[in-house]
Amino acid sequence: MAAAAEASPELWQSAAPRRRSATRRLRRKENEARGRETELEADTKVVLRRLQEADRNDLLVSAFWSSALETVSRCLTEQLAQQKPPVRTPLEAFGDLHLDSPLSESDVAQASRPGETLDTGACCVKCVCYGIGNFATCITARVQLAFLLLFLDKCQTPRSHCWVYDPLFSPLEIAVLNTLGVTVLSENEEGKRSVCGELTIFYMLHCGTALYNNLLWSNWSADALSKVVIVGNSFKGLEERLLARILQKNYPYIAKILDGLEEVEFPQTPEYTDTFNDTSVHWFPTQKLEQLPRDLWTFREEPDYQGCEDLEIIRRTDPLTVNPP
């Protein structure tokens, strides 16, 4: 008993340092976590400031902005006009754009203010953005994102109605996008998103050809395509660059729809040669779609790209369950 009594204080004394050590480790981890959060917050502010500089210093002072905005708006107005019933008349939908005048300072502030949107009543349009790239480190991607944000605010589409995804996004870029108020997708859809009966702009600059092909497959009907607007790589350019047999074998939905679309090229200016090159606005007039052979719509096989070289998209590691329309 005496021996046990003598050992007890020693055991207590030896345990105390271990408890203090565990407490110090816990505090050190908490401090490191707070440090990372503080660093992420600071980096987020830096990227947001650079985005604001991109739209104010680069886009808004350029002739490209008003010309490109007019190009997208004109195509979207045509698409809106053919809806049954119309989403809104073209005048109602874009009456606030004032394409003949530059944005005011208040417009710049609104467009650059994270998380805020304008009145939602002007236009019932949704937006999906794929493949914008690492805008935190790449000026080209940053200008492309700035253009998207300005366009959303100018046509009064809530930023929460814009879905954004790139498999290469860093945690910093996801934090920035969340701060901006857009909706960051959590999974790689491979472009296989149906419009579900709602007019949708797909902003897909410099994306892999398979991504456009997947998008068409997911909306392979005259009704669904009449609600799709694609801002991305020129389909005419794809037709010119690829051999006909390669286009028809690997990207059959692009090959089949070439006669059913209207394409308007983006304006080209020296300062944006690398940023918006080979970019066009594509929309699908109902009249053209109805003139296509009826049996064209019966082919709905999901693309698999077996044996396709230079696929240029990052595939999912697990299957995505998506049903065509």
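A short reminder: the numbers here are calculations on the coordinates, not readings from a lab. Nothing here was measured: the structure is a model prediction, and the numbers come from that model. Using ideal geometry, Cβ is built from the backbone for each residue, glycine included, and neighbour counts are taken over all protein chains shown.
Among helices (runs of 4 or more DSSP H) entirely within segment 222-325, having at least 2 residues that are closer than 19 Å to Val128 by Cβ singles out 222-225, 252-257.
So for segment 253-260 (the condition being surrounded by fewer than 16 Cβ atoms within 10 Å (Cβ to Cβ) and touching a residue at least 24 places away in the same chain (Cβ under 8 Å)), does at least one residue qualify? If you could, list the steps in order and put the result at the bottom.
Taking segment 253-260 first, the residues surrounded by fewer than 16 Cβ atoms within 10 Å (Cβ to Cβ) are 258-259.
Add one more test, that the residue is touching a residue at least 24 places away in the same chain (Cβ under 8 Å), and what stays is 259.
Looking through segment 253-260, at least one residue is surrounded by fewer than 16 Cβ atoms within 10 Å (Cβ to Cβ) and touching a residue at least 24 places away in the same chain (Cβ under 8 Å).
Restricting attention to segment 289-303, the residues that are surrounded by 11 or more Cβ atoms within 10 Å (Cβ to Cβ) and either of a type in the set (Val, Ile, Thr) or out of contact with any Leu (no Cβ under 7 Å at 6 or more places or on another chain) (or both) total 9. In the set (1) within 20 Å of Gly208 (Cβ to Cβ); (2) surrounded by fewer than 20 Cβ atoms within 10 Å (Cβ to Cβ); (3) of a type in the set (A, V, I, L, M), the condition left unmet by Ile174 is number (1). Counting the residues of segment 59-85 that are of a type in the set (S, T, N, Q) and free of Cβ contacts under 8 Å to residues at least 40 places away in the same chain gives 2.
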